[in-house]
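Comments concern the structure below.
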Amino acid sequence: GGVVRLRLVDFDQVTLSSLNRHATATRADVGLAKALALRAALLAIRPGAEIDARVSLFNAAAAAELLGGPVALVIDAIDDIATKAELQVHCFRAGLPLLSALGAGGKADCGCLHVAPLADVLGDPVASSVGKLVRAAEPAGGDW
């Protein structure tokens, strides 16, 4: 059971200053691409899993290639608001389910987790900023 097929997309590298933000990276991973470091860590936990690690920057032009094929769920942990909005729009248009991390930085109480369509999220400045960009791209609205 569990997840056996996963695609990881990240253009960045593990740095010494970012180790505190990575659940699996160690000093030995510094300088490696984040996607490849995470792939190695996950394969150590679940040998035999199918993990497609792509060292690539997500953007609207690359979306179809990076998110092509069967997709059960897209998980967004993108830092850049404009890029986060591009992912939201692509998933909306392609009918892909999306779980997006928004204003979670520095939060420690997982009981405050709010799962809702983006349009229903209140009091989150990141969600508000992303929502404005999504509405500009999808003026007809929708269940985003």
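Of the accessible area of region 1-120, with the probe set at 1.4 angstrom, what percent is carbon plus sulfur?
Values: 4490 of 7760 Å².
Answer for region 1-120: carbon and sulfur cover 58 percent of the accessible area.
Using the Cα centre of the chain as origin and beta-carbon charges of +1 (Lys, Arg) and -1 (Asp, Glu), tell me which of Gly69, Leu42, Ser129 is placed farthest towards the positive end of the dipole.
The listed residue farthest towards the positive side: Leu42.
Whole angstrom only: what separates the Cα centroid of region 65-139 from the Cα centroid of region 1-25?
One Cα centre to the other: 19 Å.
Tell me which residues come under 5 Å, amide H to amide H, from Leu8 once H is placed; ignore anything under 5 positions away on its chain.
Those lying under 5 Å, H to H, from Leu8 are Asp52, Ala53, Arg54.
May I ask for the net charge around Ala49, where only other residues with Cβ less than 13 Å from the Cβ of Ala49 are counted and Lys, Arg are +1 while Asp, Glu are -1? Write out the running numbers ahead of the final one.
Details: positive: Arg5, Arg7, Arg39, Arg46; negative: Glu50, Asp52.
Net local charge, Ala49 excluded: +2.
Would you grab the residues whose amide H sits under 5 Å from the one on Val74? Only those 5+ places off in sequence or on another chain, please, with H modelled 1.01 Å from N.
Those qualifying (amide H under 5 Å, at least 5 residues apart or on another chain) are Leu98, Leu99.
Any chance you could list P(r) for the chain, counting all Cα-Cα pairs in 10 angstrom bins from zero, rounded to whole %?
10, 36, 37, 15, 1
How large is the dipole of the chain about the Cα centre if only Lys and Arg carry +1 and Asp and Glu carry -1, each at its Cβ, rounded to the nearest 20 debye?
Charge dipole of the chain: 280 debye, to the nearest 20.
Report the net charge of residues surrounding Arg39, where surrounding means a beta-carbon distance below 12 angstrom and charges are Lys +1, Arg +1, Asp -1, Glu -1.
Charge balance near Arg39 sits at 0.
Provide the per-residue ³J(HN,Hα) series for region 87-103, in order, calculated from phi with Karplus coefficients 6.51, -1.76, 1.60 and θ = phi - 60°, each as a whole number of Hz, with x at glycine and proline positions.
5, 4, 5, 4, 4, 4, 5, 8, x, 8, x, 9, 10, 10, 7, 10, x
How much accessible area per residue does the chain have, in Å², with a 1.4 Å probe? Kindly include the intermediate steps, with their values, before the conclusion.
Details: 9230 Å² over 144 residues.
Value for the chain: 64 Å² per residue.
222 nm [θ] for the chain, helices only, -39500 (n - 2.57) per DSSP H run of 4+, per residue, to 500?
-9000 deg cm²/dmol
Provide the percentage of antiparallel DSSP beta bridges, counting only those with both residues in the chain; round to the nearest 5.
So the antiparallel bridges in the chain amount to around 10 percent.
Determine the sum of side-chain charges near Phe58: Lys and Arg each +1, Asp and Glu each -1, restricted to other residues whose C-beta is under 12 angstrom from that of Phe58.
With Lys, Arg at +1 and Asp, Glu at -1, the neighbours total -4.
The values are calculated or read from the model by the stated rules, or taken from the named source; none is laboratory data. Note that the coordinates shown come from a computational prediction; the quantities given were computed from them, not determined experimentally. Because the Cβ atoms are built from the backbone with ideal geometry, glycine has one as well, and the counts that use them run over all protein chains shown. Only protein heavy atoms, including side chains, enter the accessible area calculation; ligands, DNA and RNA are left aside. Shrake-Rupley method; radii C 1.70, N 1.55, O 1.52, S 1.80 Å.
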